[in-house]
Every structure is written in C-alpha cells, then in structure tokens.
C-alpha cells in the first residue's frame with residue numbers, strides 16, 4: 001500500500017526566502033509522484049510530476065522537486081517565495097501496482113504562508 | 001485542464017435527504033474519481049470508475065454510491081445525507097494514462113445541516 005507524509009501542516013516564510021515543503025512516501029513499487037497546489041476556494045492544479053525520468057523535476061511558477069529514492073523523499077522547493085505562492089500544497093503518490101486503476105494517495109497538505 | 005465541470009458548485013441540504021453531485025467531462029476520459037477534502041485529512045478517495053458501468057470503492061465509501069451510465073458523466077449520490085458528509089467534493093479524471101496524471105474539477109461545497 002502507498003502512503004504519503006507531509007512534514008509540517010503549516011510553513012511560514014518571508015517574501016524572497018527559500019521555500020521548502022517536505023514529502024516522504026512509501027510505495028511497494030517504483031512510484032510516480034506529484035505535487036498539486038490549491039489556491040483559496042479553488043480546485044487542485046498540477047504543479048509538477050515525477051514519472052521515472054529525470055530525478056530533478058521542474059514545474060510551474062518556479063517550483064522544482066527532487067526524487068531521492070534512498071531517502072524516499074520528494075521535497076518541493078522554490079528559491080525565492082512570492083506573495084502569490086501562498087496556498088495549500090499536496091504531495092501524492094500513484095499506485096502503480098497491477099490493476100490499480102491509477103489511484104492516487106494524497107498527503108494531508110501543507111499550508112504555505114508568505115509574509116511581506 | 002481536462003475539461004471537467006462539477007454541479008452544483010454549492011449546496012446546502014438537510015440531514016436525511018438524498019443528494020446527487022454531478023461530474024461532467026468533455027474529453028472522453030476513461031478513468032474518473034470522486035474525492036472529499038476535509039481539514040487535516042487532505043483528499044480521500046470515495047469511489048472511482050474505470051469505464052462505463054465499471055466502478056469500485058475507495059477508502060471512504062460508506063454512505064456514498066456512484067453511477068456511470070455514459071463516459072462523460074460520473075454521479076456521486078449521498079443516499080441519506082449526514083452532517084459528517086459536510087465537505088468539499090472534487091472530481092478528477094486521468095488525462096494521461098502513461099503518467100497517471102489526474103486533473104481536477106473546481107469542486108462542490110456541500111453543507112448538511
């Protein structure tokens with residue numbers, strides 16, 4: 001069975017500071033991993049995904065994530081936070097076992113606050 | 001964007017009444033999913049569909065049923081709504097089976113009084 005742990009339900013950074021949102025996963029098969037962003041009162045938008053190609057994945061809005069198999073991690077980073085990055089971020093892992101029907105398991109989310 | 005719409009976008013109902021939420025997609029996606037989002041729980045899978053008339057349960061299916069009589073529509077029914085089913089409901093579809101990528105609808109906010 002797959003699982004995702006997001007460390008820190010709430011992260012607060014200053015504008016211009018580094019953003020680091022942590023995600024650790026558990027999977028019985030080589031995983032596909034995703035980060036989604038949710039702005040207030042909106043649906044989930046795909047930020048980036050790892051699908052077994054390059055381990056460093058670049059996404060939209062300047063975000064990137066690095067897949068580290070040895071650490072079972074897929075942390076999300078952005079060098080310089082912007083006020084518009086304030087949102088909730090979700091990490092997810094795909095069940096790639098046979099007959100899984102592409103189900104995703106989500107972490108509980110990390111709310112990012114950006115202070116001026 | 002996978003061409004997914006949800007209706008209604010907001011609904012207030014009373015305990016014990018049946019409620020049906022609709023997910024509509026215009027791009028012939030085979031796989032569709034219903035999630036609920038609650039504070040502190042992230043998104044949890046309720047039911048999913050892998051084709052017309054083919055559905056299965058997710059992790060929090062009690063009190064919910066689904067139907068998919070045609071490719072474009074995936075309906076979620078609360079047979080007898082309870083206050084614990086107050087939540088935001090999201091529909092999703094797989095647009096790229098090679099990457100397992102799900103795309104989400106805008107959500108339905110349901111309040112059960």
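All of the numbers you see were taken from the coordinates with simple rules; none came from a lab. Predicted model, so just to flag it, every value in this text is computed and none were measured. Please note: Cβ atoms are built from the backbone with ideal geometry, for glycine as well, and neighbour counts cover all protein chains shown.
Structure notes:
- With neighbours defined as other Cβ atoms within 10 Å of a residue's Cβ, the residues B:47, A:82 order from fewest to most as A:82, B:47.
- At q = 0.22 Å⁻¹, base-10 log of I(q)/I(0) for region B:1-50 (Debye sum, equal scatterers on each alpha carbon): -1.06
- For the segment A:96-104, counting C-beta atoms of other chains within 10 Å of every residue's C-beta and taking the mean gives 5.
- FRET E, pair residue B:59, residue A:60, Förster distance 35 Å, beta-carbon r, rounded to 0.05: 0.75
- The mean number of partner chain beta-carbon atoms within 10 angstrom of a residue's beta-carbon across peptide A:42-54 is 4.
- Span from the region A:42-116 Cα centroid across to the region A:1-25 one, whole angstrom: 9 Å
- When both region B:5-39 and region B:57-89 are represented by their alpha-carbon centers, they are found 7 Å apart.
- With a Förster radius of 41 Å applied to the C-beta separation of residue B:22 and residue A:53, the computed FRET efficiency comes to 0.65.
- Relative contact order of chain A, defined on C-alpha pairs under 8 angstrom at six or more residues apart (%): 37 percent
- Mean per-residue shielding of peptide A:26-33 is 1, counting Cβ atoms of other chains within 10 Å of each Cβ.
- Among B:50, B:89, B:35, the largest mean-square fluctuation in a Gaussian network model of chain B (Cα springs under 10 Å) belongs to B:50.
- In range of the label at residue B:41: residues from region A:77-116 whose backbone nitrogen is under 20 Å from the point 7 Å along Cα→Cβ: A:88-93, A:103-111
- FRET efficiency for the pair residue B:52 and residue B:113, taken as 1/(1 + (r/R0)^6) with r the Cβ-Cβ distance and R0 = 35 Å, rounds to 0.50.
- Top of B:86, B:26, B:77 by mean-square fluctuation, Gaussian network on chain B, Cα under 10 Å: B:26
- As a rough footprinting exposure proxy, the listed residues B:76, A:18 were ranked by other beta carbons within 10 Å of their own, and the order from fewest upward is A:18, B:76.
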